[in-house]
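Report on one structure; see the data block that follows.
The values are calculated or read from the model by the stated rules, or taken from the named source; none is laboratory data. Because the structure is predicted, anything quoted here is derived from the model rather than measured. Cβ placement follows ideal geometry from the backbone for every residue including glycine, while neighbour counts extend to all protein chains displayed. Keep in mind that these areas ignore ligands, DNA and RNA; they rest on the heavy atoms of the full protein, side chains included. Shrake-Rupley method; radii C 1.70, N 1.55, O 1.52, S 1.80 Å.
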Amino acid sequence: YVFSQWGDSRMNNAIVNGESRSYGFAQSNYEKFLQSSNASDWYQRLDGRTGFIVVDRYSEAEITDETMYSRLHAWGNETGHYRAVWASEDGSMKVFTLVPGATVTGSAEANATVTATTVLEVNGKKVSYRHTVTTDAAGKYSIRVPYPGTYEIDGTEVTVSEEAVESGGTVQQ
């Protein structure tokens, strides 16, 4: 299933899977998805149902940096489960797949901000991905990432495998 703006849903699904009869799920949920700030809840809702998510230009007034629309247009930053697999030349349209994501765990100062960053390639273009969390009172943190590769976290490099991303595995910093 291709989850996309309901006006494009029938066409996208006809191209990808040959099914274009029903697009009610997209019609009922796509705008809510784009305006939501809860990436994990939407992952739970879409996982197993959706093969691709298409995000293109969207002009609703309620778009902020915390919304799924903004996060996905920033290559899935701050999401953990959404992996960009294609982008139009001008970056106005992006396609994502859902992954369990690898969980990177470690420790730092208590109640500190910790950011995982990596550079990846989508359609031959190098892009940056980041995910920021706050450590708990004991200084422990857990960051879910959707891309394999080497991440820099608090000045240390951590390598995340494709297997860990696909299986929802854990990687210790």
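State which residue is farthest from the chain's Cα centre (by Cα) when the search covers only region 139-168 and only residues that are touching a residue at least 40 places away in the same chain (Cβ under 8 Å) and open to solvent by 70 Å² or more (accessible area, probe 1.4 Å). It comes out as Asp154.
Hey, does region 125-138 have a residue that's among the aliphatic types (A, V, I, L, M), assigned to a helix (DSSP H, G or I) and surrounded by 13 or more Cβ atoms within 10 Å (Cβ to Cβ)?
No - not one qualifying residue is present in region 125-138.
The set of residues in region 61-113 that are closer than 20 Å to Val127 by Cβ and touching an Asp or Glu at 6+ places or on another chain (Cβ under 7 Å) comprises Arg71, Ser92, Met93, Leu98, Val99.
Can you tell me which residue in region 81-104 is nearest to the chain's Cα centre (by Cα), limited to those that are surrounded by fewer than 21 Cβ atoms within 10 Å (Cβ to Cβ) and in contact (Cβ under 8 Å) with a residue 60 or more places away in the chain? Only one residue tops the list, namely Pro100. Residues of region 139-166 that are among the aromatic types (Phe, Trp, Tyr) and not in a loop (DSSP other than H, G, I, E, B): Tyr141, Tyr151. Considering only region 58-76, I want to know if a residue exists there that is small (Gly, Ala, Ser), in contact with a helix residue (DSSP H, G or I) (Cβ under 9 Å, 6 or more places away or on another chain) and either in a strand (DSSP E or B) or in contact (Cβ under 8 Å) with a residue 12 or more places away in the chain (or both). Scanning region 58-76, I find at least one residue that is small (Gly, Ala, Ser), in contact with a helix residue (DSSP H, G or I) (Cβ under 9 Å, 6 or more places away or on another chain) and either in a strand (DSSP E or B) or in contact (Cβ under 8 Å) with a residue 12 or more places away in the chain (or both), so the answer is yes.
Contact annotation: residue pairs with Cβ atoms under 8 Å, 6 or more positions apart or on different chains, pairing a residue in region 106-135 that is polar (S, T, N, Q) with a partner that is exposed (fewer than 12 other Cβ atoms within 10 Å of the Cβ) and part of a loop (DSSP other than H, G, I, E, B), are Ser107/Ala138; Asn111/Ala137; Thr134/Asn111; Thr135/Glu109; Thr135/Asn111. The listed residues are Ala137, Ala112, Ala102, and the only one of them that is touching a Pro at 6+ places or on another chain (Cβ under 8 Å), over 23 Å from Asn29 (Cα atoms) and among the hydrophobic types (A, V, I, L, M, F, W, C) turns out to be Ala102. Just so you know, in region 115-124 the residues that are surrounded by 14 or more Cβ atoms within 10 Å (Cβ to Cβ) and of a type in the set (A, V, I, L, M, F, W, C) include one that is farthest from Glu152 (Cα to Cα), and it is Val122. Filtered by the rule that a residue be in a strand (DSSP E or B) and more than 17 Å from Glu152 (Cβ to Cβ), region 77-102 gives Tyr82, Arg83, Ala84, Val85, Trp86, Ala87, Lys94, Val95, Phe96, Thr97, Leu98.
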